[in-house]
Ligand code: ATP
Ligand code: MG
Ligand code: MG
Ligand code: MG
């Protein structure tokens, strides 16, 4: 590909609304552009990376015996009514009506559709087990789309669904898929961890999430210091013994919303005041006075002893104000039941007793007493890192009985479930068993966030100059950068020849044939993250040589022109 005929679309400046490095670099490297909140256009080089992820996933799924198909994005509401999720799913399910006023949903996931397909198509035990997958666009009307494609409203997922007649059979496929996921993340060259996950509202018994470790991760995962135990924080909490937290030193009970300030402003203004024993805080209230629906809850969490306190979650509890119950807020924030103050008030209040002192920081308390600076509850707030607040914290005894918990941040890139009969029972998906009787099938489901992986890979592979793609994902394998091509005869000649030879050798080459200064070209190739670069300049050509640069190792080497192809192959 020639840059002059391509849409490189690199940006010099960091876009101000991009908070995390992968989002910034995906915009700057010309991989994506925002259309609207949570909706992104993939530019050519972004798309190339996305396809590479897709293909690795596809190959590993095929190897594991899953069969590819493709289901519609638009799904009839009656299937969702049948499974009970039309009501349950809430506002994340984007609903539409067709011209006949019939209700539909844009698929956030496809359990209903696949179950409908299988109950019609599979009739005998002889056709089981079967594992079907697709790589498809998913739509979720996320309450807070953010971080670019990391949490988008439209994204690419690989979702697989398996059908069985026994738990043992399900278990076997589940294990195969677990291994296939490990293979995918190994091939992608990512630092990842499978962790035990809580099955939560999806139901079922066994579940694992796959996390790419990254500071910017929205999830927390707990590791035992002395065993292989690794769980997402929800699961760790679900099995952890309840722990007494120290009592607060001061009670705070309201924020001053008119003078609302962001956490960053408060930090600046008042500095961080560490307090012992404070782990979490939840404040909640109306998004603004005119809002009819919805409470906003803010969750703050951090390591007070290290002076690192962060507002970590801002959630909308979607109930009419007067009807928001404690259960709604517990569900939305992950707060410990019973830890909440009065619910349903229009003024934000601090609720977790054990955490109330932390509000000193949030509210900006001073030595003379409490000064309620307040939190900006406007939904414009973007300075928060989202995390589920939990009662399990670093240093707690590990639920496995060995060692203490270390907590790290992760990006959820995959999630597998043993679903059991939740959908097949609700939708009466049975087959003729060997006994001659009809038997409800048991199911597994297996998701991978294909587009999220692209962003997660950048979180782990970058430096101050840009992206450092692992070879498996790079949009181009090699760049040819001719210096001052238009001022020379032999440079374009040699560059063209090298370009043709490399292409003929099957190398995916980006030939930077723009009339740009060399510095601009080098910066762009580093930003885009092309792993190998050949620089063609007059001085080296005098000795029939070119310069080779490796983006990952930073190594530079002058090599003979006639060896340029061999060196790379
Ligand atoms: P999250 O906890 O991040 O909201 P989830 O648990 O709701 O994700 P699943 O239903 O388990 O997601 O979907 C399977 C995979 O799809 C996730 O592991 C994740 O990688 C990806 N995914 C989910 N939501 C999004 C999104 N809004 N944007 C991009 N990828 C997503
Ligand atoms: Mg989600
Ligand atoms: Mg999740
Ligand atoms: Mg999940």
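Among the residues that make up the range 122-133, is at least one of them within 14 Å of ligand 1 (Cβ to nearest atom), surrounded by fewer than 21 Cβ atoms within 10 Å (Cβ to Cβ) and within 21 Å of the chain's Cα centre (by Cα)? Within the range 122-133, not a single residue is within 14 Å of ligand 1 (Cβ to nearest atom), surrounded by fewer than 21 Cβ atoms within 10 Å (Cβ to Cβ) and within 21 Å of the chain's Cα centre (by Cα).
Among the candidates 193, 140, which residue alone is under 15 Å from the mean Cα position of the chain (by Cα) and free of Cβ contacts under 8 Å to residues at least 60 places away in the same chain? Break it down into steps so the answer makes sense when it comes.
Numbers: 193 fails: free of Cβ contacts under 8 Å to residues at least 60 places away in the same chain.
Only one candidate passes the filter, namely 140.
Does residue 146 meet the test of being under 22 Å from residue 84 (Cβ atoms) and away from ligand 4 (no atom under 16 Å from the Cβ)? Can you show your working first?
Values: under 22 Å from residue 84 (Cβ atoms): no; away from ligand 4 (no atom under 16 Å from the Cβ): yes.
So residue 146 fails the test.
The strands (runs of 3 or more DSSP E) found wholly in the range 98-198 and carrying at least 2 residues that are within 16 Å of ligand 2 (Cβ to nearest atom) occupy 103-106, 130-139, 154-164. Apart from one condition, residue 147 fits all of (1) within 19 Å of residue 165 (Cα to Cα); (2) within 16 Å of ligand 3 (Cβ to nearest atom); the exception is (1). Residue count for the range 78-94 satisfying the condition of being out of contact with any helix residue (DSSP H, G or I) (no Cβ under 9 Å at 6 or more places or on another chain) and within 16 Å of ligand 4 (Cβ to nearest atom): 2. Count, please, the residues in the range 37-82 that happen to be assigned to a strand (DSSP E or B) and surrounded by fewer than 17 Cβ atoms within 10 Å (Cβ to Cβ). The qualifying residues number 5. Every residue in the range 98-107 that is touching a helix residue (DSSP H, G or I) at 6+ places or on another chain (Cβ under 9 Å) and crowded, with 19+ Cβ neighbours inside 10 Å, please. Scanning the range 98-107 gives 104, 105, 107. Sort out which residues of the range 189-201 are at positive phi and within 12 Å of ligand 1 (Cβ to nearest atom), and write them in order of number. Answer for the range 189-201, where residues must be at positive phi and within 12 Å of ligand 1 (Cβ to nearest atom): just 200.
Among the criteria (1) surrounded by 17 or more Cβ atoms within 10 Å (Cβ to Cβ); (2) under 30 Å from residue 411 (Cα atoms); (3) free of Cβ contacts under 8 Å to residues at least 40 places away in the same chain, the one residue 95 does not fulfil is (1).
When the range 402-421 is filtered for residues that are more than 14 Å from ligand 3 (Cβ to nearest atom) and over 15 Å from residue 169 (Cα atoms), the ones remaining, listed by number, are 402, 403, 404, 405, 406, 407, 408. Every condition in (1) within 16 Å of ligand 1 (Cβ to nearest atom); (2) in contact with a strand residue (DSSP E or B) (Cβ under 7 Å, 6 or more places away or on another chain) is met by residue 422 except one, and the failing one is (2). If you go through the range 77-95 and pick out every residue that is more than 15 Å from residue 138 (Cα to Cα) and more than 16 Å from ligand 2 (Cβ to nearest atom), you end up with 10.
FYI, it's all coordinate maths here, none of it is from the lab. All values derive from a computational prediction rather than experimental measurement. Glycine also receives a Cβ, built like all others from the backbone with ideal geometry; neighbour counts cover every protein chain displayed.
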